[in-house]
1. Taking the conditions exactly as written (within 30 Å of LEU306 (Cα to Cα), of a type in the set (A, V, I, L, M, F, W, C) and out of contact with any Ser or Thr (no Cβ under 8 Å at 6 or more places or on another chain)), does VAL92 satisfy them or not?
2. Being of a type in the set (Gly, Ala, Ser), more than 23 Å from the chain's Cα centre (by Cα) and at pLDDT 50 or above is the filter here, so list the residues in the stretch 1-39 that pass it.
3. Quick one: which helices (runs of 4 or more DSSP H) lie wholly within the stretch 71-138 and hold at least 1 residues that are polar (S, T, N, Q)?
4. If VAL373 meets every condition in (1) assigned to a helix (DSSP H, G or I); (2) of a type in the set (A, V, I, L, M, F, W, C); (3) within 19 Å of PRO327 (Cα to Cα) apart from one, which number is that one?
5. Considering (1) among the charged types (D, E, K, R); (2) under 19 Å from LYS131 (Cβ atoms); (3) within 13 Å of the ligand (Cβ to nearest atom), say which one GLU235 fails and leave the rest.
6. I'd like the full set of residues that are within 15 Å of ARG288 (Cα to Cα) and either modelled with pLDDT under 85 or among the basic types (Lys, Arg) (or both), limited to the stretch 350-390.
7. Return a yes/no flag: does the stretch 189-206 have any residue that is crowded, with 23+ Cβ neighbours inside 10 Å and within 12 Å of the ligand (Cβ to nearest atom).
8. Out of ALA150, ALA144, ALA175, ALA159, report the one residue that is under 22 Å from HIS232 (Cβ atoms), within 15 Å of the ligand (Cβ to nearest atom) and touching an Asp or Glu at 6+ places or on another chain (Cβ under 8 Å).
Amino acid sequence: MSGTTGKTGIIGYTRDALRVVNPHCLQGIACLSEAMDVRACCDIVDDHGARLWASGTRVSAVFAEVLTGRHLQRPLEASLEVGCGATLDSIVGECRDLMNDNPVLARLGATGGAREALHNLRGMPLPGPLKLLLSISRTQRKAAFTGQLAAIIVGAGLAAEIGLGAQDCDRLLLAALLCDIGEMYIDPAYVDGSRPLPPYAWPHLAAHPGIGQAVLDEFTDFPPALTDGVLHHHERLDGSGYPAGLCGPGVSLLGQLCGVVDTLSAIIMRGERAGVSDLRERLAMALRIMPDEFPPPAASWIDRALAPLDNTGKCAASGTFADRVLPTLKQIRSARLLAEALAGASTSQPADIGGRALSVIRHLDKRLRATGVYDLAQLGVLESSPARMGEVCLMLDEVGWRLRHLARRVFQCCGERIGSGDVDETRPIAELFAVLDAPALSLLGAPELAAN
Ligand SMILES: [Fe+2]
């Protein structure tokens, strides 16, 4: 077994690691067995040859106790079968139900090509281990599972828009469904998204694309184009993504498309839960705020596809400049000054981190400047116009998210040294981190920097 586990947790995951029973996956199987028939399809044997569970025996209350921490000859997921579990036919049926409930998804999946893509997905076989994992996801990770259904629908619309061939279209929809399957092997506290994560949890979360690829390599005969799509779904064309920070053609085509689909579906489902009425603007903003992050056709597709919808509403907000806008402008200014100082450092790591951060910060600043928020003559107009304030607040939301994302990248570079007592040496980087995401730094236990 060779899942590489460092001081901060899981960083890499190999196929051999799947022979060690994962506690989170095991918990999911145990919970599923309370509602559905889950049983061994072969003897479950440890690496010493001892039989732990007999073929044909139903998973019961003692299953988790018997299997916890065991090294097996064959991965557990490949040794179990679930009766009446998820199939691609049932999953496409759920996609159609979701389209009936969500007008934005209905619109994105409305074209003939998108409907054909969904129809074709129905007939594809689903390997047993994936059927097991998706059945767990459907019953125990409902929000995440619904997000993957949304991703399938968005993927079908995007594939039809760009004229993706039938084979690549099937692969994109499968990658959209499965891109977060690696999250099932990570502590649920790190992936539920309901509260800010402490920085030491980020490397765990960032491992999920690699775990997902390892799962697909082990349990399916999917081609590398598909499994690379899963591995690359958080990589970005401009190199700002994870886990590898690939850029340009280093990000596979399916990975680029899967990144678009995953981003859009997450905003759509988050917007539905929050009842926001300006989804079209939010979706286009997310795809356009950085110049080279996503393939350009994606944003223009969203504009065109959602233009006929009049119920997505316009963004509107009220408030004073001092309350709504000024804090972000101050944050940007502080971050820019710190990044400039770092970029001029004599040692390579701080200079590299500072230079990359500065590039992002300058671009965000430029986008904000284009809204007129630096023009004092416009402040009266801004404060008296909910529509103008709404546009600016929409960008502020996205800028805030980008700064937090930048904080994660800074932490990825030198996170273990921030807050470890080695503060003097890394203080400039920690100060930048504190400005970019003060709540995260306080969760790390360095409040004196967060307060600055
Ligand atoms: Fe993901």
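1. Working: within 30 Å of LEU306 (Cα to Cα): yes; of a type in the set (A, V, I, L, M, F, W, C): yes; out of contact with any Ser or Thr (no Cβ under 8 Å at 6 or more places or on another chain): yes.
Against the criterion (within 30 Å of LEU306 (Cα to Cα), of a type in the set (A, V, I, L, M, F, W, C) and out of contact with any Ser or Thr (no Cβ under 8 Å at 6 or more places or on another chain)), VAL92 qualifies.
2. Going through the stretch 1-39, the residues of a type in the set (Gly, Ala, Ser) turn out to be 2-3, 6, 9, 12, 17, 28, 30, 33, 35.
Adding the requirement that they be more than 23 Å from the chain's Cα centre (by Cα) leaves 2, 30, 33, 35.
Listed by number, the residues that qualify are ALA30, SER33, ALA35.
3. Per the criteria, 88-101, 112-122.
4. (1)
5. Among (1) among the charged types (D, E, K, R); (2) under 19 Å from LYS131 (Cβ atoms); (3) within 13 Å of the ligand (Cβ to nearest atom), GLU235 violates only (2).
6. Correct list: LYS366, ARG367.
7. No: zero hits.
8. ALA144
The values are calculated or read from the model by the stated rules, or taken from the named source; none is laboratory data. These figures come from a predicted structure and were not determined experimentally. Every residue, glycine as well, gets a Cβ built from its backbone with ideal geometry; the counts of neighbours run over all protein chains shown.
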